[in-house]
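Shown next, in structure tokens, is the structure this report addresses.
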Amino acid sequence: MVKRRLAAIMFTDIEGYTALMQKSEEQALYFRKTHREIFKMNTEKFHGEIIQYYGDGTLSIFESAVDAVHCGIAMQRAFQEDPCIPVRIGIHSGDIVISDEDIIGDCVNVASRVESLAVSGSVLISDKVFDEIKNSSTIKTTYLDAFKLKNVKRPLGIYAISNEGLVVPAKNEISGKLEKEKKISWLGIAGIIIGLLILIATLWGDQFLPKDENTSNTLQSMLVLPFENYTGRDDLDYFVNGMHSSLIGDLGRISAMRVISPTTSRAYADSGKSLPEIAEELNVSAILEVAVHCLGDSICVQPKLTRVYPEEQQIWVQDYYEDKSEILNLYHSLTKEISERTNASLTPEEEILLAESRTVDTTAYDLYLKGQFNLDQINKSSLQKAFQYFKLATEIDPDWAPPYAGMASVIQYQMQMGFVSPSIAIPKINEYLNITLKLDSNSSLAYHKIAVTAVWSEWDWGKGEAAFLKAIELNPNNSYSRMFYAHLLTILRRTDEALKQAAIAKELDPLRPFNLGLYAKVLNEAGRCEDAMTQAEKALSIEPDHYFVKFHLLAALECVGDYDKAFEVWKEINFARWEEYEVTETFEEVFQKQGWLAVIKEAIRINEEVWAKDGHMDELSQAGRYLRLKKYDEAVALFEKEYESHNPNLPYISQRRTYDQLKHHPGYLKLLKKMNLPVE
């Protein structure tokens, strides 16, 4: 049931709680337990109503502003007793809407902002609360100033409760959710003068001001650690993880910053490593931590940004309390704030993208995140569930683009895994992607999916490259767009460009085994086989049974001539089938007695005489074996067969190492021309 009422709204939180958790989890949990006990006892004593506990904070309401302030005074006095707990309290009053699990209203957001201005030991109130308590003889107040709070239209007068035992902050101690000052102060004028001097120095050969290359405060690389779920509900982990990925996607639009991917970020969940250790491993200069304190009709988050070099320093922390329907706008607000705090300049195009405002149906958003969670599992049943969640989201909010891109992603996976034929899948993929772009012409994901379909399904290289470039333009930090573009460049034999894109992609997602396997493929084809081996081994150290990566480790080992290890990896990949057909001992004996090429020859024979009859022969792999034996006619014949069946991996026959072997073979060149691939 939903109802309206007038109330005094109180927020409290423990100052520096996240840092305390890192220093002493036991002490932090004790502080939180004591904080809640004191809060509960006094809220009941002064006739308040507890709405929500979130992490280290609380939200409560009172019918009387006088009761709310008396409660705040009593709590702060209790918090000062040994052990002293550093708590901030803020109170505002106004009209609220109460639902079964939450309260909403502009005055709730204002109360949160008032609390953010407080320091530990203080109780701050708005001018509206002051008007309601000013005639109380038991309450003393000190006027601080009028402050322009973030997203609040008029400046708000702020008072500190100055009863005995309470802290009254000086005006210069006030920080929190404030709009940035726009007036020009003497400090600003001084800054302008300094700027002019720097300009003059530049124009006159830097005659007046010395250069110092180490004075820049620009933070050009960032890791967003997995969000901390302090809601007390493990069943909301999918939502918290989805928020984490969404914010990284939003930050990824900033071309002036390198933002590490969600997959690599999640590798550091509960790692026990310090921020400097993590930063050194990933070569990032800043780390963002986000605590999620409530998830209901409203969302409470606390982002904290830390500069890691030259020394660890917290440069920003702020509390946000927003209606859930505003979550997309919240990501934009956080992204813009972080860009300012890190001095990462936004291009005019990025400014426009981040200025877009859109509310989203909360049920549709919840379904979308459930769809994403199931999509990430990548198996037959999870893909079916993901599609249903995305479809329900489009029915509830048909004008919101991401669920349509989600449905296209599901079908693309189903096609790649052989669950749906290309003739059925490709038209549906294109249909959903066209809807996505009609609703959101700036969807990087849609352009990425268009590119992948164009290259590996439609064999339209121009369309694929244009779409990849557009996806990268819209999200320069999308590691997959860059890595798959590198594979297209490899197919087109533009090796230097491929290596550049692949290296960037690897830096964006250095702990994702599949990404490292894709990188190993690019390195192998560029002739950098030892580097490819290093990347594949790193991937397998993270996920030892990664089937895809083992293939590229095998290729790298063969390339460097380490046939003993190559044979062992080949056996690992094929062990189940070799045992089923009882050929393991045969392969081992041939390899031990006659060597690598002999066992390749034996594999050709067994494939053609045994496995082909059961439908188990991979023609492209068989063609690769013929190439090793320099039987080029047989290899090209199999390529032509795969052309007729439109094998999505056939374009790789154009890559440099294969081309160098077959560039004088007329059948091969004819096939490249049919596929519109370069022949020179």
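At a glance:
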quantity: Selected residue (only one of Leu511, Leu499 is outside any helix (DSSP H, G or I), in contact (Cβ under 8 Å) with a residue 12 or more places away in the chain and either of a type in the set (A, V, I, L, M, F, W, C) or in the same structural domain as Ile278 (by TED's automatic domain parsing) (or both)); calculated: Leu511
quantity: Matching residues in the range 1-20 - criterion: being at pLDDT 85 or above, closer than 18 Å to Pro83 by Cα and surrounded by fewer than 21 Cβ atoms within 10 Å (Cβ to Cβ); calculated: Glu15
quantity: Pair list, Cβ under 7 Å, 6 or more apart: the range 31-57 residue free of Cβ contacts under 8 Å to residues at least 24 places away in the same chain and closer than 22 Å to Arg5 by Cα, other residue of a type in the set (S, T, N, Q) and not in a strand (DSSP E or B); calculated: Ile50/Thr43
quantity: Sole exception among (1) of a type in the set (A, V, I, L, M); (2) touching an Asp or Glu at 6+ places or on another chain (Cβ under 7 Å); (3) more than 21 Å from Asp460 (Cα to Cα) for Leu627, by number; calculated: (2)
quantity: Strands (runs of 3 or more DSSP E) completely within the range 21-122 that count 2 or more residues being surrounded by fewer than 24 Cβ atoms within 10 Å (Cβ to Cβ) and modelled with pLDDT of 90 or more; calculated: 49-54, 57-62
quantity: Ser271 being more than 23 Å from Leu354 (Cβ to Cβ) and either touching a Pro at 6+ places or on another chain (Cβ under 6 Å) or of a type outside the set (D, E, K, R) (or both); calculated: yes
quantity: Top-ranked residue in the range 316-366 [being in contact with a Pro (Cβ under 8 Å, 6 or more places away or on another chain) and not in a helix (DSSP H, G or I); ranked as surrounded by the fewest Cβ atoms within 10 Å (Cβ to Cβ)]; calculated: Trp316
quantity: Test set (1) hydroxyl-bearing (Ser, Thr, Tyr); (2) farther than 23 Å from Arg656 by Cβ; (3) at pLDDT 95 or above - Tyr547 fails condition number; calculated: (3)
quantity: Residues being of a type in the set (Ser, Thr, Tyr) and within 29 Å of Leu225 (Cα to Cα) - total across the range 482-518; calculated: 1
quantity: Counted residues, the range 395-413 - those being part of a helix (DSSP H, G or I), over 22 Å from the mean Cα position of the chain (by Cα) and closer than 25 Å to Lys470 by Cα; calculated: 1
quantity: Residues located in the range 454-486, provided they are over 18 Å from the mean Cα position of the chain (by Cα), surrounded by 21 or more Cβ atoms within 10 Å (Cβ to Cβ) and in contact (Cβ under 8 Å) with a residue 60 or more places away in the chain; calculated: Val455, Trp456
quantity: Pairs where the first residue, in the range 265-285, is outside the structural domain of Asn241 (by TED's automatic domain parsing) and the second is modelled with pLDDT of 95 or more and aliphatic (A, V, I, L, M), C-beta under 8 Å, 6+ apart; calculated: none
quantity: Identity of the residue in the range 131-166, surrounded by fewer than 17 Cβ atoms within 10 Å (Cβ to Cβ) and β-branched (Val, Ile, Thr), that ends up nearest to Ser120 (Cα to Cα); calculated: Thr142
quantity: Test: Ala8 is in the same structural domain as Val87 (by TED's automatic domain parsing), among the small types (Gly, Ala, Ser) and outside any helix (DSSP H, G or I); calculated: yes
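The values are calculated or read from the model by the stated rules, or taken from the named source; none is laboratory data. The model shown is predicted, which means the values in this text are computed figures rather than measured ones. Neighbour counts run over all protein chains shown; Cβ positions are idealised from the backbone, glycine included.
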